[in-house]
Each structure stands twice: as C-alpha cells, then as structure tokens.
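Asks: Take a look at the following structure, please.
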Amino acid sequence: MASARSTQTLAAFAAVTTLFFAWGFITSLIDPLVAAVKGIFTLTDVQAQLATFAFFIAYGVISFPAATLVARLKSIPAILTALGMMIAGCLVMLVAANLAVFSLVLLGLFILASGITILQVAANPLAAALGDPKRSHFRLVLSQTFNSVGTFIGPMLGAELFLKGVEVKEGTAITEAVRAQALAGIDQAYFWICGLIAALALFFFLSRRVVSEAAPPPSVEAQGSLGALIADAFSSRWALFGGLAIFLYVGAEVAIGAQMAFFLNSDAVWGQSDALFALPLVDHVVARDGVVGLSLEQAGKATALYWGGAMVGRAIGSALLTVVPANRLLILFTAIAAGMCLYVFGVGGVNAGYVALAIGLFNSIMFPVIFTLTLERSTASEEATSGLLCTAIIGGAFVPVAVGWVAGMHGYSFAMIVPALCYVVLCLFAIAAGRAAPVRAGGAASVH
C-alpha cells in the first residue's frame, strides 16, 4: 500500500514538473522579444523594458486572487484555468504580431503571465509538498531544473525567430523587410506555444485523478475571503521578508537576462570581438556569421548561456542541498553573484562578457530556496505565504525598468550596480534565515 502511494506521488510530481518547463520556456522568450520590439517599434531602452513590465506586473495583480482560486478549486481546476488564460494570451499575441501594434503585445504578455502566475501559486507549493517534507528543497530545485531547460531553449529559438537582421545600435535602421520578418517570427512562436499549452491542458485533464489524490488538501484558514488571505500573509514578518527577497531576486535575474543581448552586443564588450567563441561548444548555441563581433541576433542566442548556467546550477544544487544547509548555500551563491555584478560594473571590458553570463550559474538555487525557507518560517498559511511570494515576482516588472533607465544614462556595464545591490540584500536574508527557527515541517532540510 505504501509502495503504491509512493508511486502515485512520484507520478504526480512528474506531471507537475512539466509545468515548470513550459513556463520557463515562455518566460525566457521575453529576453529576445525585448530586443526585437526595440528595433521593430523604434523604442528607447526603458520603453523596450515595458515588455518585461507588462509580463511581470501580472504577478502583482493576480497572485492573491490566484491563491484564493487554488484554495477553493484545488490544484487541478486551478491549473486548467491557468492554461486556458495562457492560450488566450497567445491568441492576443498572434493578433498583435499581425497588426504590428505594441500595445497589443503588452496586453498579450499580461494575459499570458496571468495564467503563469496561477501556475506558480499552484505548482510551487505542490512540488514542495509531494513527498517527504525533509526533501522539499530538493524537489523544488529539481523541478526548477526542468524550468531552466525551458529557459535555456527559449532565448535560442526566440533570437532565431525574432532577431534575424535586427540591429538597435545608434545609427542603425531596421528595414521594412526585416521588420516584417521579425513580426512573422513572433507570430510563429506564439502559434506553436498555443499548441503546446493546449497539449499540456489535455495532459493534466487526463492526469487529474493522480495529481488530486497525491496532493495535500488546502489548509482550512486559506479558504476564507481574499482580504483574509492578504491579512494572513501580512501578519507574518517572515512572509514579508521572503516577499522582499523574491522581489529583488526575480528583479535582478530578469533585468540581467533582458539586458544581456544589448550588453553583449555593445562595442565595449563583444560587439567588436569574437571572444565568445573561445568558450567550448559555444558554436552549438551561437553560429558564426563570418563577421567579427556579435550581432544582436547572436547576442540574443548567447543569452541562452546565462539561463543555461541556471540549468546546470540547479542540477548541481539539487545534489548539494542533500548535504549542505540551504541557507548556507544561499549565502555563498548570493555573495558570489553580487561580486560578479560588481566586477562587470567596476572593471567591464571583454572579460565582463564571460562574468555576466556566469551569473546565471549562481542564480540557480535562489528562487526555490528563498521560497522554501520562507514557507518554513512563515506563521501565515502556506497558501497565503505562497500568494505573497508570487506577488513579489512583480520585481521582474520594476527592477528591469530601473536597470534600463540607468543603462540609458550610463551604459549597460554601469547598470549592473542595480542587481549587485539586490544580491547583497539576498545575502542578508540568507544569513537571517540561518538564525531563525522553522515553524513548520521541512525545516530540517535547511538547518541540519
């Protein structure tokens, strides 16, 4: 009987992990999309970052309603609702690409992200709960590893479809033919994403019994009103501290990824250098074009290496978290990430390209570890805490705009001071977590 239950739980965990891949792939398409819309619609750095703003602002608007939805409908109906919203967002993106209207692009991204927000609220605590509480960090990091596979593939495919022939350096102009090709690439990408999401919806509908039976029931206190859920979340200092940490982490990670193509394409880094091709196997990610320096398309594809670092880091981190206390690993990784940002800010140059790409390796374990450390220490319900943490992903809307503003005034290398400060605060969060005792199951994973 115990063996059958264990098999059922494993199957449910595998089903939930497929969602992590899907939203990682879709989210990482924002990076080449930002570069594309800057050229297509002739935007400034700050205006181009409105694409990230429209996507991540959805977390601030939708997360608490999503937590209420998950508490009342349970996991599977909430997940199916989310996938339906994502399909609607893709359809708006198709209309936006065909009409070439930037405001519709922003609307489509907002609807798409609203669906992903519901998935985050439902799937993160679900992945952490499906199994032994002492291994919650391991399971969530493992699921995030599959999320990183999606984020690795997304920029390569997006750059191939969105950025062919597009250049945004001062003095360059985009032709109508290149503009039409980029819009057609956006149309093609979101058409196939729509099909992928529909397939996932069918898969979860067919798997609904397995996941529902394996999932823990929602807590009684989470089934009240939206106001009660928000009040519950704000009653916990650790939920608020964790929310700040998620805000800064997501903001830093997204800002670096969204600026990466512009940064690598700049003449101060690799715009006039082939240094990237000194890395082993990089030709499999970024094809040479016979011209010295990285084009915007090549730089967009190289952004996949940043997200690929997170993929490798999460695979390694999954193993490290079975032997290293989670808060200590978070202290180490945030300190290194802060130091790397300061190197790019203070030193710059060709070598700064390698350093910037490698930051992804140390971003790897941050989200799942911050999430689970907070869940363990929060005195609010898991649903309320999860809702607040997912609301805090709104950092991905505000920090990139701030970085774009700084980059517009002082350059892309100088703008790395903003994520550096974010990582310093995250290091302080990790130190504080090591001094605070967990209040619910799972704490042994981080303090042993």
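Asks: I need the full set of residues from segment 89-106 which are under 21 Å from the mean Cα position of the chain (by Cα) and free of Cβ contacts under 8 Å to residues at least 24 places away in the same chain, in order please.
Replies: Residues satisfying the conditions do not exist here.
Asks: Please verify whether segment 410-417 includes one or more residues that are touching a helix residue (DSSP H, G or I) at 6+ places or on another chain (Cβ under 8 Å) and either surrounded by fewer than 20 Cβ atoms within 10 Å (Cβ to Cβ) or free of Cβ contacts under 8 Å to residues at least 12 places away in the same chain (or both).
Replies: yes
Asks: Within segment 73-98, count every residue that is surrounded by 21 or more Cβ atoms within 10 Å (Cβ to Cβ) and either among the acidic types (D, E) or in contact with a Pro (Cβ under 7 Å, 6 or more places away or on another chain) (or both).
Replies: Qualifying residue count, segment 73-98: 0.
Asks: In this structure, does A358 turn out to be under 19 Å from the mean Cα position of the chain (by Cα) and either over 17 Å from V418 (Cβ atoms) or of a type in the set (A, V, I, L, M) (or both)?
Replies: yes
Asks: Could you list, in sequence order, the residues of segment 300-324 that are surrounded by 18 or more Cβ atoms within 10 Å (Cβ to Cβ) and assigned to a loop (DSSP other than H, G, I, E, B)?
Replies: L321
Asks: Quick check: anything in segment 401-408 buried (at least 18 other Cβ atoms within 10 Å of the Cβ), in contact (Cβ under 8 Å) with a residue 24 or more places away in the chain and over 30 Å from D274 (Cβ atoms)?
Replies: yes
Asks: Report, ordered by the first and then the second residue, all pairs with beta carbons closer than 6 Å, sequence separation of six or more or different chains, a first member in segment 184-201 that is surrounded by 15 or more Cβ atoms within 10 Å (Cβ to Cβ), and a second member that is small (G, A, S).
Replies: As it stands, the answer is I186/A97; D187/A97; L200/A22, since those pairs meet every condition given.
Asks: Return the total of residues in segment 242-294 being surrounded by 20 or more Cβ atoms within 10 Å (Cβ to Cβ) and over 22 Å from M416 (Cβ atoms).
Replies: Adding up the residues that qualify gives 2.
Asks: Does I193 satisfy the condition of being part of a helix (DSSP H, G or I), of a type in the set (V, I, T) and closer than 19 Å to T18 by Cα?
Replies: yes
Asks: So for segment 25-48 (the condition being more than 30 Å from H410 (Cβ to Cβ), among the hydrophobic types (A, V, I, L, M, F, W, C), under 17 Å from the mean Cα position of the chain (by Cα) and modelled with pLDDT of 85 or more), does at least one residue qualify?
Replies: yes
Asks: Can I ask one more? Of these, V37, V70, which one is within 23 Å of A252 (Cβ to Cβ) and either surrounded by 22 or more Cβ atoms within 10 Å (Cβ to Cβ) or out of contact with any Lys or Arg (no Cβ under 8 Å at 6 or more places or on another chain) (or both)?
Replies: V37
Asks: The conditions are (1) in a helix (DSSP H, G or I); (2) free of Cβ contacts under 8 Å to residues at least 24 places away in the same chain; (3) hydrophobic (A, V, I, L, M, F, W, C), and V286 fails exactly one of them. Which is it?
Replies: Going through (1) in a helix (DSSP H, G or I); (2) free of Cβ contacts under 8 Å to residues at least 24 places away in the same chain; (3) hydrophobic (A, V, I, L, M, F, W, C) one by one, V286 breaks only (1).
Asks: Among A123, A177, which is the only one that is at pLDDT below 90 and in a helix (DSSP H, G or I)?
Replies: Of A123, A177, the one residue that is at pLDDT below 90 and in a helix (DSSP H, G or I) is A123.
Okay, residues lined up against (1) under 23 Å from the mean Cα position of the chain (by Cα); (2) part of a helix (DSSP H, G or I); (3) modelled with pLDDT of 90 or more:
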{"position": "T172", "(1), (2), (3)": "no, no, no"}
{"position": "G185", "(1), (2), (3)": "yes, yes, yes"}
{"position": "F205", "(1), (2), (3)": "no, yes, no"}
{"position": "R209", "(1), (2), (3)": "no, yes, no"}
{"position": "A222", "(1), (2), (3)": "no, yes, no"}
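The values are calculated or read from the model by the stated rules, or taken from the named source; none is laboratory data. Note that the structure is a prediction, hence the values are computed from the model and not measured. Cβ: placed from backbone, ideal geometry, glycine included. Neighbour counts: every protein chain shown.
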